[in-house]
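Worksheet: the structure to be examined is printed underneath.
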Amino acid sequence: MADSKKPESHTVPRRPMHHRRNFTGLTTKELDAEKAKWPKETVQLWEQLSKKEANDLHTIQKSIVHHVTTTLARAAYNMDNFSAYQAVALSTRDRLISRWNETQGQLSKADPKRVYYLSLEFLLGRSMDNALLNMGLKGVYSQGVEQLGFNMEDVIESEVDAALGNGGLGRLAACYMDSLATLDYPAWGYGLRYNYGIFQQRIVDGYQTEYPDYWLNFDNPWELPRLDISIPIGFGGHVQTTQDEYGVTRHNWIPANSVQAIAYDVPIPGYGTENCNNIRLWRSKPTRVFDLTSFNEGNYEKSVEDATQAEKITSVLYPNDNTMAGKELRLKQQYFWTAASLYDIMRRFKKSMREWSDFPDQVAIQLNDTHPTLAIVELQRLLVDEEMLSWDDAWDIVTRTFAFTNHTVLPEAMEKWSVPMFEYLLPRHLQIIFDINLFFLQKVEKKFPNDRGLLNRMSIIEEAQPQQIRMAHLAVVGSHKVNGVAALHSDLIKKTIFHDFVDYYGEEKFVNKTNGITPRRWLHQANPQLSALITETLGNDRWLKELSQLRGLDKKVENAEFRKKWTAIKRLNKVRLAELIKTRCDVEVSPDALFDIQVKRIHEYKRQFMNILYVIHRYRTIKSMTAAQKASVQPRVVVFGGKAAPGYYIAKLVIKLINSVAAVVNQDPAVGDLLKVVFVPDYNVSVAEIIVPASDISQHISTAGTEASGTSNMKFVLNGGLIIGTMDGANIEILEEIGEDNIFIFGCLADEVEDLRHAQRYRNVPMDPALQGVISAIERGTFDDPKIYQPLISTLTVGKDFYLISADFASYIAANQQVDAAYKDQEEWAKKSIRCTANMGKFSSDRAVKEYADQIWNIKPISVVDEGYLQA
Ligand SMILES: *Cc1c(COP(=O)(O)O)cnc(C)c1O
């Protein structure tokens, strides 16, 4: 354990700030001084020429052709859609960079408090369409591109997704960056630039197979490499303990090796504003100095091997959603990323020549899940070991800077690091964690004396073999606010994983920030026709920045003409999805059937298994019908999509079962168009943009208390799709907003789960009879070799049905029957659909981000002044 004596503040030497400035980078004052050295005419010339290019049709077409002939070095008529995309992307990029420069230049001058959003995942998807729409240039670019002989949609579809995320958490970060830019908040994201994003999923023989995501193969126009920003990051080594000239114990970490962090900036333009924010992604590179050491010792192979190890850090995104991998490389990623980001943040702060005590008034850092929790330890280390602050002064700064978002209560998702592995990689950080823990537990002991059990439960260190570091506890202790992501979830974390912490800190530290989605991407961009109808109906497009304006659509519910237009757009979107299904799955589906969709990561708690079991039940029911009975069956197309973590065996069996059921059902002449089942491979953001606008009903059916919020539920309802769901996550708040007549709710409640599980475990509750029939059909070999599914079926029997599929099955069947009945009345259904969209204002990420800004970050918007365009 570390030396637990805190340095006393009065004994600590406080060097004046300018002596501590060992960073490069000019302050605005210094920049002005540089400018003064140039001749007046030269300054004028630069100022004139560095203005933005104009946005008229001719200038834009010229810039596209310029990029074709020079940047791409291609002949004008020797081009495919992809090279057209590259040229349009480069032209768009020029405009993005101009805005980025303008924004960042003005921000440096104003030097307001900023928020830094630390997220190991940013699931951005495609950039071009979104950038053009946000900058208000989609129309002129489309016209320019069409005149040059290309179809804008084909050009847009040539872009590959930036898929640097697993699912909801990464997409949330992307939506929040859009809202922060749109609302003019001074905000930067920090993440990692993985060479390989989430794997590509292909279905072979019904099974998921994973392929590497070569997203950088064709260059990435949406980033600005900052090869000059290179930050050394240390690993391993030992800690030197010395007495300084004042007799204070000092700790100095001497890392055994180091790598470089190189910055890549991804501009994020706001909608309807000049403001353009930044996501800075770090890439790992070998440290040259370190290479040379081995090289000079004549060990060429070792130096190359070390270089490869360094590059490996940002090589691949871990493909787990809501499960903890515990791999050493993942811990390296987390430290590499948080250390580089903090160095960068502190460098920017130092330019302002303020005192360290002002740091929390200039900097807010939001931790997206526990992944960046090491930033807490790193800031404490830098302030104490390098900036020579006292422990208490430093800790006060740290806790006023950080806030933490919890995303899950699932035990398998809780991040823990084994102490021996951690010590080997980060010896000084381990000492600091032990000290943080010691001082924290001393205070707990003072408040609640003589409660060993309590200290054990709250400790940052879990006493196991070997000891484990509980990252969630560290994140709570090092932050001033902790939030859940939907009302139910924020309540649950206070009652379960953070219960003791609420007793200790009080209620005020634990708040709710219900997730949101950006209406720009998820309605305006993904559903352009519905967006146009809404704007026409409301008389303006203010709803795009103020989503509660959608309430104005409520007035149109009784207007039959309006409903007809509304339904016609839904049908066109279903046709578009039917085409995608034909191309990707080779299955013909009728756009007149009810489209029933479940797309999200495959996980037992999300219960895709229950969905496919019900599909089998429905299939068996239809098979048992007479022709006359069949005539009244509501035709359905059941669409699944989503990736399973490559090591998640049970989730992968669910995919196999879905595909086997699809193979049987889709070929069965006794069923025909009454039931179709498809699994759309490689679900990602751009596939979601086609699927979301095309749903009649979507499924959000997690076991109550397991889905923290969900965000795809919001996307579907915003697009006029109804949902069938459990009382879980944000479904509950969606119900409150849109009304219980416009949502199909079933299943047990979160506070019933414990008793139900207990009953199933100890009282041998019989399986639901309909479910039993379905299981028997699988076991008879109706859908491929039944041996394949034995482990999956065992989760219901041997595993005592932990996710309560049997308990919820009867009410799930009933809810599905209500869906069929309601869909029969198309006029009533259209009314429900309109009411859904009209009442989704709350779920804009603009609302969410404003709440964070006002109640957690204490930051204000600052608008960018348009500095004008280059004169022709
Ligand atoms: C929105 C989104 C998610 C999150 O879906 P949930 O149903 O909320 O889990 C996952 N993946 C992609 C590609 C998304 O766009």
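The values are calculated or read from the model by the stated rules, or taken from the named source; none is laboratory data. Bear in mind the structure is a predicted one, so any value in this text is a computation, not a measurement. Reconstructed Cβ throughout: ideal geometry from the backbone, glycine too, with neighbour counts over all protein chains shown. When the accessible area is computed, the model is the full protein with side chains, heavy atoms only, and any ligands, DNA or RNA have been set aside. Shrake-Rupley method; radii C 1.70, N 1.55, O 1.52, S 1.80 Å.
Collect the residues in the stretch 562-586 that are among the aliphatic types (A, V, I, L, M) and within 13 Å of Val637 (Cα to Cα), keeping them in residue-number order.
Taking the stretch 562-586 as the starting set, the residues that turn out to be among the aliphatic types (A, V, I, L, M) are 568-569, 572, 575, 577-578, 580-581.
Scanning the stretch 562-586 gives Val575, Leu577, Ala578, Ile581.
Do any residues in the stretch 338-366 that are on the phi > 0 side of the Ramachandran plot have Cβ atoms under 7 Å from those of residues that are open to solvent by 30 Å² or more (accessible area, probe 1.4 Å) and assigned to a helix (DSSP H, G or I), where the two are at least six apart or on different chains, and which pairs are they?
That search, which allows pairs on different chains as well, returns Met353/His18.
Scan the stretch 735-746 and give yes if some residue there is more than 12 Å from the ligand (Cβ to nearest atom), aliphatic (A, V, I, L, M), over 22 Å from Arg847 (Cβ atoms) and open to solvent by 20 Å² or more (accessible area, probe 1.4 Å), otherwise no. Please lay out each step first, then the result.
From the stretch 735-746, those more than 12 Å from the ligand (Cβ to nearest atom) are 735-746; that's our starting set.
If we keep only those that are aliphatic (A, V, I, L, M) too, we end up with 735, 738, 743, 745.
When the remaining residues are screened for being over 22 Å from Arg847 (Cβ atoms), the result is 745.
Still in the running and open to solvent by 20 Å² or more (accessible area, probe 1.4 Å): 745.
The answer is yes; a qualifying residue exists.
Could you tell me how many of the residues in the stretch 682-707 are under 21 Å from the mean Cα position of the chain (by Cα), farther than 20 Å from Ala526 by Cβ, open to solvent by less than 10 Å² (accessible area, probe 1.4 Å) and of a type outside the set (Val, Ile, Thr)?
Taking the stretch 682-707 first, the residues under 21 Å from the mean Cα position of the chain (by Cα) are 682-693, 698-702, 705-707.
Checking the rest, the ones that are also farther than 20 Å from Ala526 by Cβ come to 701-702, 705-707.
Next, from what is left, pick out any that are open to solvent by less than 10 Å² (accessible area, probe 1.4 Å): 701-702.
Filter again for of a type outside the set (Val, Ile, Thr), leaving 702.
Counting residues in the stretch 682-707 that are under 21 Å from the mean Cα position of the chain (by Cα), farther than 20 Å from Ala526 by Cβ, open to solvent by less than 10 Å² (accessible area, probe 1.4 Å) and of a type outside the set (Val, Ile, Thr) gives 1.
Check whether at least one residue in the stretch 180-195 is more than 27 Å from Glu707 (Cα to Cα), away from the ligand (no atom under 15 Å from the Cβ) and assigned to a strand (DSSP E or B), and report yes or no.
Yes, that holds for at least one residue.
Among the residues of the stretch 586-637, how many are within 27 Å of Gly781 (Cβ to Cβ), open to solvent by less than 30 Å² (accessible area, probe 1.4 Å) and more than 16 Å from the ligand (Cβ to nearest atom)?
The total comes to 13.
Any idea which residue in the stretch 784-810 is farthest from Tyr619 (Cα to Cα), counting only those that are open to solvent by 50 Å² or more (accessible area, probe 1.4 Å) and β-branched (Val, Ile, Thr)? Outline the logic, then answer.
Here is the first cut: in the stretch 784-810, the residues open to solvent by 50 Å² or more (accessible area, probe 1.4 Å) are 784-785, 787, 790, 797-798, 800, 802, 810.
Going one step further and asking which of them are β-branched (Val, Ile, Thr), we end up with 797-798.
Details: Thr797: 23, Val798: 26 Å.
Taking the candidates together, the pick is Val798.
Tell me, which residue of the stretch 451-475 that is β-branched (Val, Ile, Thr) and buried (at least 22 other Cβ atoms within 10 Å of the Cβ) is farthest from the chain's Cα centre (by Cα)? Spell out the reasoning first.
We begin by selecting, within the stretch 451-475, every residue β-branched (Val, Ile, Thr); these are 460-461, 469.
Now restrict to residues that are buried (at least 22 other Cβ atoms within 10 Å of the Cβ): 460, 469.
Values: Ile460: 26, Ile469: 25 Å.
That would be Ile460.
Within the stretch 54-68, track down each residue that is within 33 Å of the chain's Cα centre (by Cα) and in a loop (DSSP other than H, G, I, E, B).
Listed by number, the list holds a single entry, Asn55.
For residues that are crowded, with 24+ Cβ neighbours inside 10 Å and not polar (S, T, N, Q), scanning just the stretch 196-208, find the one that is farthest from the ligand (Cβ to nearest atom).
Ranking the candidates gives Gly197 first.
Just to check your reading of the model, which residue among Gly781, Gly725 is open to solvent by less than 10 Å² (accessible area, probe 1.4 Å), closer than 30 Å to Gly206 by Cα, free of Cβ contacts under 8 Å to residues at least 40 places away in the same chain and not acidic (Asp, Glu)?
Working: Gly781 fails: open to solvent by less than 10 Å² (accessible area, probe 1.4 Å).
One residue alone meets the criteria, Gly725.
Which of the residues belonging to the stretch 367-399 are farther than 20 Å from Leu438 by Cα and of a type outside the set (S, T, N, Q)?
Within the stretch 367-399, the first condition is being farther than 20 Å from Leu438 by Cα, and the residues that meet it are 367-372, 386-388.
Scanning the stretch 367-399 gives Leu367, Asp369, His371, Pro372, Glu386, Glu387, Met388.
Just to be sure before I move on: is Ile856 β-branched (Val, Ile, Thr), within 22 Å of the chain's Cα centre (by Cα) and not assigned by TED's automatic domain parsing to the domain that holds Ile534 in the structure I sent? So that I can check it myself, show each step before the final result.
Details: β-branched (Val, Ile, Thr): yes; within 22 Å of the chain's Cα centre (by Cα): yes; not assigned by TED's automatic domain parsing to the domain that holds Ile534: yes.
When the stated conditions are applied, Ile856 passes them.
Out of everything in the stretch 209-219 that is open to solvent by 20 Å² or more (accessible area, probe 1.4 Å) and of a type outside the set (Phe, Trp, Tyr), what residue ends up being nearest to Gly197 (Cα to Cα)?
Pro212
Every residue, every condition in (1) in contact with a Leu (Cβ under 8 Å, 6 or more places away or on another chain); (2) of a type in the set (A, V, I, L, M), yes or no:
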{"residue": "Pro225", "(1), (2)": "no, no"}
{"residue": "Ile229", "(1), (2)": "no, yes"}
{"residue": "Pro232", "(1), (2)": "no, no"}
{"residue": "Phe235", "(1), (2)": "yes, no"}
{"residue": "His238", "(1), (2)": "no, no"}
{"residue": "Glu245", "(1), (2)": "no, no"}
{"residue": "Arg250", "(1), (2)": "no, no"}
{"residue": "Ser258", "(1), (2)": "no, no"}
{"residue": "Ala261", "(1), (2)": "no, yes"}
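Do we have any residue at all in the stretch 679-689 that's in contact with a Phe, Trp or Tyr (Cβ under 6 Å, 6 or more places away or on another chain) and part of a loop (DSSP other than H, G, I, E, B)?
no
Determine, yes or no, whether Ala730 is more than 10 Å from the ligand (Cβ to nearest atom) and either touching a Ser or Thr at 6+ places or on another chain (Cβ under 6 Å) or of a type outside the set (Phe, Trp, Tyr) (or both).
Details: more than 10 Å from the ligand (Cβ to nearest atom): no; either touching a Ser or Thr at 6+ places or on another chain (Cβ under 6 Å) or of a type outside the set (Phe, Trp, Tyr) (or both): yes.
It is false that Ala730 is more than 10 Å from the ligand (Cβ to nearest atom) and either touching a Ser or Thr at 6+ places or on another chain (Cβ under 6 Å) or of a type outside the set (Phe, Trp, Tyr) (or both).
Restricting the first residue to the stretch 206-230 and requiring it to be free of Cβ contacts under 8 Å to residues at least 60 places away in the same chain and among the charged types (D, E, K, R), which pairs with a second residue that is in a strand (DSSP E or B) and open to solvent by 40 Å² or more (accessible area, probe 1.4 Å) meet a Cβ separation below 6 Å and a spacing of at least six or different chains?
Asp213/Tyr196; Asp213/Gln200
Determine, yes or no, whether Ala593 is in contact (Cβ under 8 Å) with a residue 12 or more places away in the chain and more than 30 Å from Gly747 (Cα to Cα).
no
What are the residues in the stretch 685-716 that are within 12 Å of the ligand (Cβ to nearest atom) and among the β-branched types (Val, Ile, Thr), if any?
Within the stretch 685-716, Val685, Val687, Ile690, Ile691, Val692, Ile701, Thr706, Thr711 meet the criteria.
Specify the residue that is farthest from Ser142 (Cα to Cα); the eligible residues are those in the stretch 69-89 that are in a helix (DSSP H, G or I) and of a type in the set (A, V, I, L, M, F, W, C).
Initial filter on the stretch 69-89 (in a helix (DSSP H, G or I)): 69-71, 81-89.
Keeping just the survivors that are of a type in the set (A, V, I, L, M, F, W, C) gives 82, 84, 87-89.
On the way: Phe82: 16, Ala84: 12, Ala87: 13, Val88: 10, Ala89: 12 Å.
Among residues in the stretch 69-89 that are in a helix (DSSP H, G or I) and of a type in the set (A, V, I, L, M, F, W, C), the one farthest from Ser142 (Cα to Cα) is Phe82.
Among the residues that make up the stretch 709-720, is at least one of them within 27 Å of Ala821 (Cα to Cα), over 19 Å from the mean Cα position of the chain (by Cα) and basic (Lys, Arg)?
no
Can you tell me which residues in the stretch 220-250 are touching a strand residue (DSSP E or B) at 6+ places or on another chain (Cβ under 6 Å), exposed (fewer than 14 other Cβ atoms within 10 Å of the Cβ) and part of a loop (DSSP other than H, G, I, E, B)?
The one that is touching a strand residue (DSSP E or B) at 6+ places or on another chain (Cβ under 6 Å), exposed (fewer than 14 other Cβ atoms within 10 Å of the Cβ) and part of a loop (DSSP other than H, G, I, E, B): Asp244.
Condition (residue is in a loop (DSSP other than H, G, I, E, B) and surrounded by fewer than 19 Cβ atoms within 10 Å (Cβ to Cβ)) applied to the stretch 306-318: is it met by at least one residue? Working first, answer last.
Taking the stretch 306-318 as the starting set, the residues that turn out to be in a loop (DSSP other than H, G, I, E, B) are 313-315, 317-318.
Add one more test, that the residue is surrounded by fewer than 19 Cβ atoms within 10 Å (Cβ to Cβ), and what stays is 315.
Yes - at least one qualifying residue is present in the stretch 306-318.
Scanning the stretch 516-545 for residues that are touching a residue at least 60 places away in the same chain (Cβ under 8 Å) and open to solvent by 10 Å² or more (accessible area, probe 1.4 Å), which turns out nearest to the ligand (Cβ to nearest atom)? Show your work before the answer.
We begin by selecting, within the stretch 516-545, every residue touching a residue at least 60 places away in the same chain (Cβ under 8 Å); these are 516-527, 530, 534, 544-545.
Restricting the remaining residues to those that are open to solvent by 10 Å² or more (accessible area, probe 1.4 Å) gives 521, 524-525, 545.
Working: Arg521: 9, His524: 15, Gln525: 12, Lys545: 21 Å.
Per the stated criteria, the residue is Arg521.
Of the residues that sit in the stretch 60-91 and are among the polar types (S, T, N, Q) and touching a residue at least 60 places away in the same chain (Cβ under 8 Å), which one is surrounded by the most Cβ atoms within 10 Å (Cβ to Cβ)?
Step one: list which residues in the stretch 60-91 are among the polar types (S, T, N, Q), which gives 61, 63, 69-71, 78, 81, 83, 86, 91.
If we keep only those that are touching a residue at least 60 places away in the same chain (Cβ under 8 Å) too, we end up with 61, 81, 86.
Details: Gln61: 18, Asn81: 15, Gln86: 23.
Among them, the one singled out is Gln86.
Being farther than 24 Å from Lys481 by Cβ and in contact with a helix residue (DSSP H, G or I) (Cβ under 8 Å, 6 or more places away or on another chain) is the filter here; which residues of the stretch 418-435 pass it? Give the steps one after another, and end with the answer.
Residues of the stretch 418-435 that are farther than 24 Å from Lys481 by Cβ, as a first pass: 418-428, 430-431, 434.
Scanning the stretch 418-435 gives Val419, Met421, Phe422, Glu423, Leu425, Leu426, Arg428, Leu430.
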